[in-house]
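Let me begin by handing over the structure; questions about it come next.
The values are calculated or read from the model by the stated rules, or taken from the named source; none is laboratory data. Source: prediction; values computed, not measured. Cβ atoms come from the backbone with ideal geometry, glycine included; neighbour counts cover every protein chain shown. We work out accessible area using only protein heavy atoms, side chains counted, and drop any ligands, DNA or RNA first. Shrake-Rupley method; radii C 1.70, N 1.55, O 1.52, S 1.80 Å.
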Amino acid sequence: MSLIYLSSRFQCTWPWDMLVMLCDGRLVCGCADPYGKRVLGDARTASVEDVWSGPVVTKLRQDLNQGGASFCGDCPLKRPLARDASPVVRPLEAGRLPSRMFIECTAACNISCTEACCAPETGITRTRQAGMLDFALFQRVVDEVGPSLARIDFFNYGEAFLHKRAIDMCEYIKSRFPHIYLYTSTNGLAFSETQARRLVHSGIDEVTFSIDGATPESYVQYRQRGRFDVAIANLRAMVDEKRRSGRDLPFLNWRYILFRWNDSDEEMNLARAMATEIGVDRLCWEITDHPESAYSRRFAGGAELETIRRETWDDSNLGSAIPGATPRAQIDVRTLIPGVPLIARTGRPLRVRTRVRNLSTRPFPADATYGRRLVRLGAQLCAEDGRLIERDFARARLPHALGGGAETNIAIELPPLPEAGRYAIKFDLVFEGVEWFEKCGSQTTMKKLWVR
């Protein structure tokens, strides 16, 4: 085996977890396949189950278990393997159906983003079918796969809401399978205000608006033919409808790609102020290296990037550029004698008293519609040296929503441990189904635990 081959080995988990349906019904194995080159099957002529367990995907899994597959070509989703690393070998059977799907309504778009592969003038619409997904086909696929899915990403290439029945599709998914986490990303330009408000009531869990600038002049440099005022108005309408109807969903993101023309302190602070005034749940910066002539050199790395790292889209699922919106907490563990370890008996639970303070400006919700995005106190079991043993060791509910700057007492019961020894407990807050606070920079509290 050559050194060149060794250095080009890779892995990928997508063929074990996820599937992407293009708007023409073909099924591909990743969201980074704009030209439909890596086709696993066709939902128009086969069931999803037959494709998911068929010869193409089975061979792909077999090759990936050996450290690479020619099928993958130049796919950017590949994860390189170190020269001395062995590939993780996964079962060739990955369940009857995938647990997550991307559904592409159309590959067509209503604007032209600079050098984007889905730009109408030069992009994928010239190389593959970019029409509208057949609604009956959509229903058949969702009916088949829905019971197994944990999440649907309702977008891929193009603008999903150009499809005249896109909101019908969202309503169909959530009415048939309310357990599915339904997420979409949009430029926000294909809605009327009435449609934007209707989408709030569809049951959709999360909507991201891609608005790259805080002024019309900078926004249109990337999103050519886009209208900043329309995108902001529809985002505002969704926030208003959510507030007016007393709903905690959908979670509304404003994602802002940084370019050389919109990355000044002045414009970024204007976006922060607008996001605060509108009332969006989250504002995040997106760091990119494309197009070559346009990406933000200022935040390409180094000290400048570090100043906003917690506010970037890929850093965590909680960080926000809205002042005070990134969740942070202080957790004090109450013991009779400060500095003395927690002491438990084998086979017996231990009740620990804590005092939790919200150091951010946004409230920590104690309840949520679908059991997601509520905040709980968590205890992670660690070895004495801090190595994680069990992340979800214990949980405790907040007694009520905890407003910005507020604090409350929370008692958490640690499960019994069967063996005596010295351990540690890491206390942190967690947005259930989303992220631990530590991931976005909040301080945890570590306490020694002696089990006798």
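Find the residue count for segment 262-295, including only residues that are more than 21 Å from the chain's Cα centre (by Cα), closer than 22 Å to residue 441 by Cβ and part of a loop (DSSP other than H, G, I, E, B).
Number of matching residues: 1.
Residue 183 is checked against (1) of a type in the set (Phe, Trp, Tyr); (2) under 19 Å from residue 104 (Cβ atoms); (3) at pLDDT below 95 and fails just one. What number does that condition carry?
With (1) of a type in the set (Phe, Trp, Tyr); (2) under 19 Å from residue 104 (Cβ atoms); (3) at pLDDT below 95 applied to residue 183, the lone miss is (3).
Could you run through segment 407-440 and say how many residues are more than 30 Å from residue 182 (Cα to Cα) and charged (D, E, K, R)?
If we filter segment 407-440 for residues that are more than 30 Å from residue 182 (Cα to Cα), which is where we start, we get 407-427.
Now narrow it down to the ones that are charged (D, E, K, R): 407, 413, 419, 422, 426.
Residues meeting the conditions: 5.
Shifting gears a bit: For the condition in contact with a Lys or Arg (Cβ under 9 Å, 6 or more places away or on another chain) and either in contact (Cβ under 8 Å) with a residue 12 or more places away in the chain or within 27 Å of residue 154 (Cα to Cα) (or both), what is the one hit in 41, 95, 54?
On inspection, the qualifying residue turns out to be 41.
Testing residue 383 on (1) out of contact with any helix residue (DSSP H, G or I) (no Cβ under 9 Å at 6 or more places or on another chain); (2) modelled with pLDDT of 95 or more; (3) among the hydrophobic types (A, V, I, L, M, F, W, C); (4) closer than 30 Å to residue 203 by Cα, one condition comes back false. Which one is that?
All conditions are met except number (4).
Oh, and also: Among the residues of segment 280-319, what is the count of those that are under 30 Å from residue 433 (Cα atoms), open to solvent by 60 Å² or more (accessible area, probe 1.4 Å) and basic (Lys, Arg)?
2
List the residue pairs whose Cβ atoms are under 8 Å apart, where the first residue sits in segment 257-282 and is farther than 23 Å from residue 360 by Cβ, the second is open to solvent by 50 Å² or more (accessible area, probe 1.4 Å), and the two are 6 or more positions apart or on different chains.
Hits for this filter: 258/287; 258/298; 259/221; 260/297; 260/298; 261/221; 262/221; 263/298.
From the set of residues in segment 14-35 that are small (Gly, Ala, Ser) and open to solvent by less than 10 Å² (accessible area, probe 1.4 Å), which is farthest from residue 151 (Cα to Cα)? Show your work before the answer.
First pass over segment 14-35, keeping only residues small (Gly, Ala, Ser): 25, 30, 32.
After this cut, where a residue has to be open to solvent by less than 10 Å² (accessible area, probe 1.4 Å) as well, the list is 25, 30.
Details: 25: 19, 30: 15 Å.
Among those that are small (Gly, Ala, Ser) and open to solvent by less than 10 Å² (accessible area, probe 1.4 Å), it is 25.
Additional query: Please go through segment 370-405 and pick out each residue that is assigned to a strand (DSSP E or B) and among the hydrophobic types (A, V, I, L, M, F, W, C). Break it down into steps so the answer makes sense when it comes.
Going through segment 370-405, the residues assigned to a strand (DSSP E or B) turn out to be 375-383, 388-397, 402.
If the condition is that a residue be assigned to a strand (DSSP E or B) and among the hydrophobic types (A, V, I, L, M, F, W, C), then 375, 377, 379, 381, 382, 383, 388, 389, 393, 394, 396, 402 are the ones that fit.
Still on this structure: For residue 231, work out the one condition from (1) within 15 Å of residue 185 (Cα to Cα); (2) open to solvent by 20 Å² or more (accessible area, probe 1.4 Å); (3) among the small types (Gly, Ala, Ser) it doesn't fulfil.
It is condition (2) that residue 231 fails.
Given the conditions (1) assigned to a helix (DSSP H, G or I); (2) surrounded by 20 or more Cβ atoms within 10 Å (Cβ to Cβ); (3) hydrophobic (A, V, I, L, M, F, W, C), report the number of the one that residue 56 does not fulfil.
Unmet condition: (2).
I've got another one for you. Residue 232 is checked against (1) more than 30 Å from residue 203 (Cα to Cα); (2) at pLDDT 95 or above; (3) among the aliphatic types (A, V, I, L, M) and fails just one. What number does that condition carry?
(1)
Working carefully through the options 368, 394, 420, find the one that is open to solvent by less than 50 Å² (accessible area, probe 1.4 Å), small (Gly, Ala, Ser) and over 30 Å from residue 247 (Cβ atoms). Don't jump to the end; show me each part of the working.
Values: 368 fails: over 30 Å from residue 247 (Cβ atoms); 420 fails: open to solvent by less than 50 Å² (accessible area, probe 1.4 Å).
Only one candidate passes the filter, namely 394.
Continuing with this model, one more query. How about segment 406-436: which of its residues are closer than 29 Å to residue 325 by Cα and part of a loop (DSSP other than H, G, I, E, B)?
Once the filter is applied, which keeps residues that are closer than 29 Å to residue 325 by Cα and part of a loop (DSSP other than H, G, I, E, B), segment 406-436 yields 406, 432, 433, 434.
Another question, if that's okay. Return the total of residues in segment 437-452 being open to solvent by 30 Å² or more (accessible area, probe 1.4 Å), part of a strand (DSSP E or B) and either in contact with a helix residue (DSSP H, G or I) (Cβ under 7 Å, 6 or more places away or on another chain) or farther than 22 Å from residue 326 by Cα (or both).
Residues of segment 437-452 that are open to solvent by 30 Å² or more (accessible area, probe 1.4 Å), as a first pass: 438-439, 443-444, 446-448, 450, 452.
From the residues that got through so far, the ones that are part of a strand (DSSP E or B) too are 446-448, 450.
Now drop any that are not either in contact with a helix residue (DSSP H, G or I) (Cβ under 7 Å, 6 or more places away or on another chain) or farther than 22 Å from residue 326 by Cα (or both), which leaves 447-448, 450.
Qualifying residue count for the region: 3.
On to the next question. I'm checking my understanding of the structure. Among residues of segment 315-327 that are in contact with a strand residue (DSSP E or B) (Cβ under 8 Å, 6 or more places away or on another chain) and not polar (S, T, N, Q), which one is nearest to residue 372 (Cα to Cα)? Working first, answer last.
So the first thing to find is which residues in segment 315-327 are in contact with a strand residue (DSSP E or B) (Cβ under 8 Å, 6 or more places away or on another chain), and the list is 316-322, 325, 327.
Among the residues that remain, those that are also not polar (S, T, N, Q) are: 318-319, 321-322, 325, 327.
Values: 318: 13, 319: 17, 321: 22, 322: 21, 325: 18, 327: 16 Å.
Ranking the candidates gives 318 first.
Mind listing just one residue for me: the one in segment 159-180 that is among the hydrophobic types (A, V, I, L, M, F, W, C) and part of a loop (DSSP other than H, G, I, E, B) and, of those, nearest to residue 101 (Cα to Cα)?
Looking only at segment 159-180, we keep the residues that are among the hydrophobic types (A, V, I, L, M, F, W, C), and these are 160-162, 166-167, 169-170, 173, 177, 180.
With the extra rule that they be part of a loop (DSSP other than H, G, I, E, B), the set shrinks to 177, 180.
Numbers: 177: 14, 180: 10 Å.
This residue is 180.
Return the residue satisfying two criteria in turn: it lies in segment 213-228 and is touching a residue at least 60 places away in the same chain (Cβ under 8 Å) and surrounded by 21 or more Cβ atoms within 10 Å (Cβ to Cβ), and of such residues it is nearest to residue 374 (Cα to Cα).
Of everything passing the filter in segment 213-228, 214 is nearest to residue 374 (Cα to Cα).
Do you know which residues across segment 36-45 are open to solvent by less than 30 Å² (accessible area, probe 1.4 Å) and assigned to a loop (DSSP other than H, G, I, E, B)?
Hits for segment 36-45 are 36, 38, 43.
Being open to solvent by 20 Å² or more (accessible area, probe 1.4 Å) and not basic (Lys, Arg) is the filter here; which residues of segment 98-112 pass it?
Residues satisfying the conditions are 99, 108, 109, 110.
Mind counting the residues in segment 60-84 that are in a loop (DSSP other than H, G, I, E, B) and open to solvent by less than 30 Å² (accessible area, probe 1.4 Å)?
Pass one, segment 60-84, residues in a loop (DSSP other than H, G, I, E, B): 66-69, 73-78, 81-84.
Filter again for open to solvent by less than 30 Å² (accessible area, probe 1.4 Å), leaving 67-69, 75, 81.
Qualifying residue count for the region: 5.
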